[in-house]
Each structure stands twice: as structure tokens, then as C-alpha cells.
């Protein structure tokens, strides 16, 4: 049946929702944030499409155009909007009273309007600016969006026409087309497009971006931002983009020249400050090329009276800061400030107690390189021709990782107590995962305590069924693997007998008929809850638990992983010592020696969370097995990775740091 709808005008105040409108039950459709762009467009351009209405009593129900109606009502309520009141009349099309397909009309109005083609939209924005004289600001106001969003669309509208045509013809994808916007020059875009499609190859977005990188450096890249001021001062050409961060420094040679000059200046400053013999600069530090270089490190020296006084002051302040950092209520910002203060004090104390020998200074130097957005200094480097026979001080021995020999790892009392708690949690998880063995242990402990004389076979577990209360300075930050394993064990328990509404006798009757395996799980879970704070057992002190822990928990790393909560409480020197000597990551330790403690902690946290793909087998095994020595059982021997070779494809230390 064909309907013709009369054109009419209706005052905004006479409009109301129509019950047949298909969006009546979706009020979120009319929320202010969802019609902001529509409101902005109507305010500037007016109502471009009439509403479809039908008389309902003394009003006109909006059958199609509910979002436009909602936008009109907001304009009426908006005192800053000019020309919109309840008496303002707008164009409508009137549906007859006897129309029997009102719902179909509403549905058709909402689903037959095809969304605008993305490329058409890009080009429309561009035409509005180039032909209609619009600005990004006026376009944003018209469509109720941000200026940045408009500029982003305009960038795509300014991609070379041949490339847009290829996207329209679907010979390249829309993402590939967008990638060409990384360079604002249409001529460069066209040249790269023709080069990549010359042999009818399938072009991908990442291929386009890589090709465009050879045609200049974006000002938003770390190098571009670093050299831009000097580049502009020397008259370097810039291909400007609508969004400044996408503008390109086109003279790559000038960019490289300026970067090398800045690196050389940083290297010379470090050379003069420390007293090295030479300084050099490279854009990228090639570990393979530097493998033949040696390295010297400062050795311990006795500070003078004034220096020793300052060392003592620093030690006292560090102890105070460590206590402050253990405050669980400390805000992140305040914690980070304390962290930075600790780093600065440790560096000051190290400078007072360490120095390069005159012999080493006379043959070593500094190499500055660009690494992950900043200048990285490699100090104490010894050229191959200047390397002397190794004399114990070593220039590149595996143990040379930036940590002084005197920086032996010790564990303060507060940290030791918390490690005991974490180990007890891990042991508890291991017990729940070995229910039969734990069942036997518990029964053995119970009967021997009653039937034998003395103090019992072990004090490691309590069988009076009181859950052990565990304390920890940073319980919410430690690795949660063991807690998750215990929770999973709890979920698997058969607690059908544990009905509080039943008497203990009835509960016991149901408990007795449980399968032996289910009883073992219940006993194991209960015993696990009694594990007390502990470190690794000594055979002579507790031979029973020493052997039992080896059986149920041969590797604590199955239940616990070192993370930032632990590494935060280590000195930077300890972390470097662990990386270089215990994990075989000597080169990474050397590189991180010039980083802050916070960066070293972040590196270690990422390393243990997901060992890097570039590790050797020996390094990977060392990382997988490492834990503080007093936490591991005798079931796993420590992995010696000190002789591990550095991978050819060097781990990205700076990225993790």
C-alpha cells in the first residue's frame, strides 16, 4: 500500500513521543551525550530532515525522528541557543490517522539510512575546509565534536587522490590508506605508493609506515622532538601537517648530524666530569660491535673525614626513609618521591666511597648513544687496543655488572619476616595440591603428639585447627599465585555436609560417608591454613618437614613469583648483583647501572613476569628458578647462569627499564 504524507509545520511544544516509535524502549538513545553532535548540527544548520509525525489527541506524536526531537527539546532548554522556543515551528510530514503500518514506517526510517562511506566522510571534511571556507573550529561546532577529531579526519581527506581511489576500489584496505597520512606530503605519499604497488604486491599498513620513515622523521618521534629546535634554527625543511605532531622533518641527514652533535656533547661532559681519557658518540649502541671492548669500574676508596661524616649521615637518612616507605597508607606520589630521594642518596654515598684508578682513567672513556627516547651513557669503556692483561680487576669479566664487590646481599629483619609469610603461603598452596600426602602428615602429627613422648615430631604445622593469622608489610602487592591456588582448592571441596542448620552429630554423619579422597582434600586444606611463617627447613632442626617440603614443594616458583613488591625492598646494587652474577645477565646489569633504582625494579619485574624471548636457555632457566636462597627447598639446585652467553639479539634493556 502506497502512502503519501502531507508536509506541515508543528511547534516544538506540540510534539510528543509516539508509542509506535521503535526506539521508545531505548532511552539511552536520547541521552545528552549521544545526541550532542546532532544538537550542535541543528543549532548551526537547522533541521535538515523533517520529522514523521501523527496526531495523538491534541499533540503530534513523533513516529520517526525521536533523536532529532530530543535534540530540539535540549535546544529549547538551552538558554544560550538562539531561535529555539516551544513556539518555534519545524518541518514535519504528517502520517494519516488511518495508517496501519506506523511501526513499519518507524523501523524503515531508522534502518534504511546507510552510514556514510568513510572515504566520503574524509573528503567531505576536506571540501568543507577547502571549498566552503570552514575552519576546524567551525566544523567541530557544527557536528558537536572536538577540533582534534576534525583535524584527524581532515588528515585522511588530504591523502593523495590516487591512494584514496585505490581504497575506494578496495585494492588496498582502509587501514593501509590511513597509514599514508603519516607523511603530510602528497608527493611523497604518491612516490611510496607507486614503489610499493609496482609489482602488484599486497601492501600492508606497517609496510607503508616503514617506507615513509625513510622520507623523514616525525616531530612527535623521540628523536624528532629532541632535535627539532636546533633543526628549525638551521633552516631544516619541515612538511607541515594539520596536526603538528604529524609534521615531518624532511632532511634526515641534518637530523642525524644534530643528534650526533648532542650525543658527543653529553659524552664529553661526562668525560670531563669523571676524568676519562676519551669520549665518543654513536646513534645506536651495537652490543655485537662492542663485544671486543673492555670495561673498568670504580673501586672502593676510603673517604676523608668530611666524606665519612657525610656517608654516616646518608646511612642514617636511608634507614629512616626505608621505614617511611614501609607505611602501607603512603600515597603513590609520596612513595615515588621517597624512592627518588633514596636513589639520589645511594648515588651520593657511592661516589664518596668509590673511584676509578688513575691507570683506568688513562685508558678508558665514555660512549653516548640514543636509546628509547633518551641519551644513554656507557662509562668506563676500554678500546681493544688499550686493554691490558686481566689482573683480577677485570675489564669485562662476567661478574663486572656495576655492583661493587662489597655490596653483598643481606636481608633486613622486616624483609625476612615478610619472606617467611610468603613462603608459608606457598607451602600452604603446595599442601592443598598434595592431599594424600598431607592427609598422612596430619594424621601422623596427631597420633605422634599423643602417643609418643617429647615435643612432637615437628612444630611446623598446628593440628588444633586454628587458622594461622599472617602479617605482611605489603600484603596487597605480593604475588597472588598461592592465594589463587588455595582458592581453587577450596572451590573443589565437598562441603555438602557443612550445613550450619544441622547439628554437629548430623554433620559428622554426613562427613563419615564421604569418599576417602574427598576427606583427604578437606584435611589438606585445613592443614594448609595452619602453616606458620617459615623459611627453608634445616635437616637437623626439622628432618620431617625438610623431607616433606621437598616432596610437595620441590620448586617454590610453582606457587610464587618474585615481583616489584620484593625488588622494591632490595638495594639497587643487590639487584644488579642478582642480574649479573645469579641470572647471567651481565650486559643488562652493566647497562642498567646508569639507570635509577625505579627503572631497575621495573626491568626485574617484567623479566620475571614473562622472561624475554632473547634470553639464552641458561638465562631462562636461571630466571625460572631464582628466589631468595632461604625460601627454596632442597628439591631444586640453583641454576648457575654466570657463564651464560649474551644473546646475539640483545635484550631490550632500556625498553623494560
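The values are calculated or read from the model by the stated rules, or taken from the named source; none is laboratory data. Keep in mind the model is a prediction, meaning the values are calculated, not measured. With ideal geometry, Cβ positions are generated from the backbone for all residues, glycine too; neighbour counts draw on all protein chains shown.
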Legend entry - Selected residue [at pLDDT 80 or above, under 31 Å from the mean Cα position of the chain (by Cα) and either in a helix (DSSP H, G or I) or farther than 28 Å from residue 37 by Cα (or both)] from 179, 149, 195, 166: 179
Legend entry - Where a residue in the range 209-229 is over 16 Å from residue 182 (Cβ atoms) and its partner, wherever it lies, is surrounded by 15 or more Cβ atoms within 10 Å (Cβ to Cβ), with Cβ under 6 Å and at least six apart: 227/255; 227/258; 227/259; 228/219
Inset, instruction - Check 581, 602, 645, 655 and return the single one that is assigned to a helix (DSSP H, G or I) and modelled with pLDDT under 85. - result: 655
Legend entry - Residue satisfying condition, being in contact (Cβ under 8 Å) with a residue 12 or more places away in the chain, part of a helix (DSSP H, G or I) and in contact with a strand residue (DSSP E or B) (Cβ under 8 Å, 6 or more places away or on another chain), within set 270, 349: 270
Legend entry - Those residues of the range 597-614 which are surrounded by fewer than 18 Cβ atoms within 10 Å (Cβ to Cβ), under 23 Å from residue 290 (Cβ atoms) and either in contact (Cβ under 8 Å) with a residue 24 or more places away in the chain or touching a helix residue (DSSP H, G or I) at 6+ places or on another chain (Cβ under 7 Å) (or both), in sequence order: 599, 614
Inset, instruction - Tell me, please, whether a residue that is in the same structural domain as residue 549 (by TED's automatic domain parsing), in a helix (DSSP H, G or I) and at pLDDT 60 or above can be found in the range 459-481. - result: yes
Legend entry - Set 522, 575: member being buried (at least 18 other Cβ atoms within 10 Å of the Cβ), part of a helix (DSSP H, G or I) and modelled with pLDDT of 85 or more: 575
Legend entry - Qualifying residue in the range 360-383 (condition: surrounded by fewer than 17 Cβ atoms within 10 Å (Cβ to Cβ), modelled with pLDDT of 70 or more, at positive phi and outside any helix (DSSP H, G or I)): yes
Legend entry - Selected residue (only one of 587, 619 is more than 21 Å from residue 631 (Cβ to Cβ) and either surrounded by 18 or more Cβ atoms within 10 Å (Cβ to Cβ) or out of contact with any strand residue (DSSP E or B) (no Cβ under 9 Å at 6 or more places or on another chain) (or both)): 587
Inset, instruction - Go through the range 86-99 and count every residue that is outside any strand (DSSP E or B) and more than 9 Å from residue 12 (Cα to Cα). - result: 5
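Name the one entry in 289, 240, 267, 277 that is under 14 Å from residue 381 (Cα atoms), modelled with pLDDT under 75 and not assigned by TED's automatic domain parsing to the domain that holds residue 593.
289
Per-residue answers, yes or no, for (1) at pLDDT 85 or above; (2) surrounded by 15 or more Cβ atoms within 10 Å (Cβ to Cβ); (3) over 21 Å from residue 12 (Cβ atoms):
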position: 74; (1), (2), (3): yes, yes, no
position: 79; (1), (2), (3): no, no, no
position: 84; (1), (2), (3): yes, yes, no
position: 102; (1), (2), (3): no, yes, yes
position: 107; (1), (2), (3): no, yes, yes
position: 115; (1), (2), (3): no, no, yes
position: 121; (1), (2), (3): no, no, yes
Inset, instruction - For residue 527, indicate whether it is surrounded by 15 or more Cβ atoms within 10 Å (Cβ to Cβ), in the same structural domain as residue 425 (by TED's automatic domain parsing) and not in a helix (DSSP H, G or I). - result: no
Legend entry - Tally, over the range 327-346, of residues that are touching a helix residue (DSSP H, G or I) at 6+ places or on another chain (Cβ under 8 Å) and free of Cβ contacts under 8 Å to residues at least 12 places away in the same chain: 2
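If I ask for residues that are outside any loop (DSSP other than H, G, I, E, B) and touching a helix residue (DSSP H, G or I) at 6+ places or on another chain (Cβ under 8 Å), which ones from the range 70-85 would you list?
70, 71, 72, 73, 74, 75, 76
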Inset, instruction - Output the number of the condition that residue 155 fails; it satisfies all remaining conditions of (1) more than 15 Å from residue 41 (Cβ to Cβ); (2) within 33 Å of the chain's Cα centre (by Cα); (3) at pLDDT 70 or above. - result: (3)
Inset, instruction - State yes or no: is residue 319 outside the structural domain of residue 418 (by TED's automatic domain parsing), surrounded by fewer than 15 Cβ atoms within 10 Å (Cβ to Cβ) and under 29 Å from the mean Cα position of the chain (by Cα)? - result: no
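Do you know which residues across the range 545-562 are touching a residue at least 24 places away in the same chain (Cβ under 8 Å) and surrounded by fewer than 18 Cβ atoms within 10 Å (Cβ to Cβ)?
Within the range 545-562, 550, 551, 554, 555, 558 meet the criteria.
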Inset, instruction - Name every residue in the range 488-517 that is within 42 Å of the chain's Cα centre (by Cα) and either surrounded by 15 or more Cβ atoms within 10 Å (Cβ to Cβ) or not in a loop (DSSP other than H, G, I, E, B) (or both), in order of residue number. - result: 488, 489, 490, 491, 493, 494
Inset, instruction - Determine whether the range 39-52 contains at least one residue that is over 45 Å from the mean Cα position of the chain (by Cα), at pLDDT 85 or above and in a loop (DSSP other than H, G, I, E, B). - result: yes
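Look at residue 302 and say whether it is outside any helix (DSSP H, G or I), loosely packed, with under 14 Cβ neighbours inside 10 Å and either modelled with pLDDT under 85 or assigned by TED's automatic domain parsing to the domain that holds residue 374 (or both).
Considered against the rule, which asks whether it is outside any helix (DSSP H, G or I), loosely packed, with under 14 Cβ neighbours inside 10 Å and either modelled with pLDDT under 85 or assigned by TED's automatic domain parsing to the domain that holds residue 374 (or both), residue 302 comes out as yes.
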